[in-house]
Structures are given as C-alpha cells and as structure tokens.
Amino acid sequence: MTIKDTPEEWEIRATETPFVGNKTSVRTDEVVMPDGSVVRRDYQVHPGSVAVLALDEEDRVLLIRQYRHPVRQKLWEIPAGLLDVPGENPLHAAQRELYEEAHVKAEDWRVLTDLYTTPGGCDEAVRVFLARDLAEAEGNRFESEHEETDLEYARVPVDELVRLVLAGDVHNTCLVTGVLSLVAARTGDGLDALRPADAPWPARPFEA
C-alpha cells in the first residue's frame, strides 16, 4: 500500500452558499456516501495561505505575536497570509508577507511542508516555506492596520521553540508544523534536500 493522499470527489446532489464573507464563505453540500445515503456537509471555503519559517544565522526562528479573535488569545506565530489572487504564485505571496509583517527579506527559499489546517471543516491549504539568509528589507516599513498594528516580535532558538511546542505553550498550526518539520528535515536528508520553492502544489495550482 502506498501512503499518499490522493484526489477523490464523491457525488454532490446539491450545493448552496448560505454565507459569503470578506475573504471566505460557508458552503453546504449534499454528498452521496458509499452506502447510498445523502448527508449535508458544511465547510468553510478558503483561498489558501502561505507561511514562512524564517531562520537566521544564529539558528533562531522569527516569530510574531498577534491577537486572534476567534480563540481570544495573543498567539506567537510565523509570518503568514492569504493567497489574495486566484492562481497567485505562493513564493511571491510568502516573500510579500515576510516583508509586510517583519520587514525582512531572504535569499534562500525552500518548501518546508504543505498541509490542510482543518480538512474536516475547511478547505484551507497552506504551504509553509523555509527562508534562510535573512536581511533587513530595503525601503520604508509596510503600513499595517487592524490586528497587525499591535504586533510583537521575537527570535527564538529552534531547540527552545521545540520545547515550547511540546510543553503546549505555543499553538499556531503553521508554527508547530513548521518547526517540527524543520527538525525532522535536519535529521533526515538535510535542509538542502527540501523541495525547491517553485515545487508544484496541487492543492492550489499556480503559474511560475
């Protein structure tokens, strides 16, 4: 048996969109099950996201602390953002987010991992990049708004960040997945063996 996620789509008898928001919507599908029964499935339709695990020369990860209203917490996270344009190149989006949220640029980019955040209730797909050879970005800082006007920053050693993850002190999906993937990659074939930054992404196809 090959362990690999594969595309599949069961018959949909009917669909409706009871809610449309600014960036996402909620869809209700009537899906035919293998036993012939038809059930309703509600889920959030999401454009997709990118995240950046930015690793500096001192083996520290760049973190951002931001208020997240749905969970009523300030979470430590890695820079991340939506794919604002359908078909947008995820690398370009990741570079934009690193600049806008941290005013940082990177010379070396790799794909660290791809994931679905909550596939039982949302179709959000996220590509997490590893960015190295960091430097301050040129020009003026991006003018932030809303929750991003209150950002805090830190650079945390990888080993300490792993400890925080396992202790349950940090919870953001991309941060947890990113740092543990980084450690796994190091103990495997090494970071230079990671997929190139322009590797295909079937969940959110794009043009190079």
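Taking the conditions exactly as written (in contact with a helix residue (DSSP H, G or I) (Cβ under 9 Å, 6 or more places away or on another chain), within 19 Å of L75 (Cβ to Cβ) and not hydroxyl-bearing (S, T, Y)), does L161 satisfy them or not?
Details: in contact with a helix residue (DSSP H, G or I) (Cβ under 9 Å, 6 or more places away or on another chain): yes; within 19 Å of L75 (Cβ to Cβ): yes; not hydroxyl-bearing (S, T, Y): yes.
For L161, the condition - in contact with a helix residue (DSSP H, G or I) (Cβ under 9 Å, 6 or more places away or on another chain), within 19 Å of L75 (Cβ to Cβ) and not hydroxyl-bearing (S, T, Y) - is met.
D5: on the phi > 0 side of the Ramachandran plot and at pLDDT 95 or above, yes or no?
No: the conditions fail for D5.
Please pick out the residue among D29, D5, D56, D35 that is among the charged types (D, E, K, R), closer than 29 Å to P196 by Cβ and either over 24 Å from the mean Cα position of the chain (by Cα) or not assigned by TED's automatic domain parsing to the domain that holds A125 (or both). Walk me through it before giving the result.
Values: D29 fails: closer than 29 Å to P196 by Cβ; D56 fails: either over 24 Å from the mean Cα position of the chain (by Cα) or not assigned by TED's automatic domain parsing to the domain that holds A125 (or both); D35 fails: closer than 29 Å to P196 by Cβ.
Just one listed residue meets the conditions, D5.
Regarding the stretch 91-102, can at least one residue be identified that is under 23 Å from P196 (Cβ atoms), without any contact (Cβ under 8 Å) to a residue 60 or more places away in the chain and among the basic types (K, R)?
Looking through the stretch 91-102, at least one residue is under 23 Å from P196 (Cβ atoms), without any contact (Cβ under 8 Å) to a residue 60 or more places away in the chain and among the basic types (K, R).
How many residues are surrounded by 10 or more Cβ atoms within 10 Å (Cβ to Cβ) and part of a helix (DSSP H, G or I) if we restrict to the stretch 185-208?
3
Being loosely packed, with under 12 Cβ neighbours inside 10 Å and aliphatic (A, V, I, L, M) narrows it down to one residue among A125, A131, A167; which is it? Write out each step before concluding.
On the way: A125 fails: loosely packed, with under 12 Cβ neighbours inside 10 Å; A131 fails: loosely packed, with under 12 Cβ neighbours inside 10 Å.
Being loosely packed, with under 12 Cβ neighbours inside 10 Å and aliphatic (A, V, I, L, M) holds for just one of A125, A131, A167, which is A167.
I'm trying to understand the selection: among the residues of the stretch 97-156, which are outside any loop (DSSP other than H, G, I, E, B) and either out of contact with any strand residue (DSSP E or B) (no Cβ under 8 Å at 6 or more places or on another chain) or β-branched (V, I, T) (or both)?
If we filter the stretch 97-156 for residues that are outside any loop (DSSP other than H, G, I, E, B), which is where we start, we get 97-102, 104-116, 122, 125-136, 146-150, 152-156.
Result: V104, V111, T113, V126, V128, H146, T149, V156.
Take the conditions modelled with pLDDT of 95 or more, part of a helix (DSSP H, G or I) and either surrounded by 15 or more Cβ atoms within 10 Å (Cβ to Cβ) or within 19 Å of the chain's Cα centre (by Cα) (or both) and apply them to L182. Does it pass?
Numbers: modelled with pLDDT of 95 or more: yes; part of a helix (DSSP H, G or I): yes; either surrounded by 15 or more Cβ atoms within 10 Å (Cβ to Cβ) or within 19 Å of the chain's Cα centre (by Cα) (or both): yes.
Answer is yes for this residue.
From the list E30, E58, exactly one residue is touching a Ser or Thr at 6+ places or on another chain (Cβ under 9 Å) and over 17 Å from C122 (Cβ atoms). Which is it?
On the way: E58 fails: touching a Ser or Thr at 6+ places or on another chain (Cβ under 9 Å).
It is E30.
Would you confirm whether any residue within the stretch 6-28 is among the small types (G, A, S) and within 13 Å of F129 (Cα to Cα)? Show your work before the answer.
Just the residues of the stretch 6-28 that are among the small types (G, A, S), to begin with: 14, 21, 25.
Still in the running and within 13 Å of F129 (Cα to Cα): none.
No, the stretch 6-28 contains no residue that is among the small types (G, A, S) and within 13 Å of F129 (Cα to Cα).
The values are calculated or read from the model by the stated rules, or taken from the named source; none is laboratory data. Quantities reported herein were computed from a predicted structural model and do not represent experimental measurements. Cβ coordinates were reconstructed from backbone atoms using ideal geometry, including for glycine residues, and neighbour counts include every protein chain displayed.
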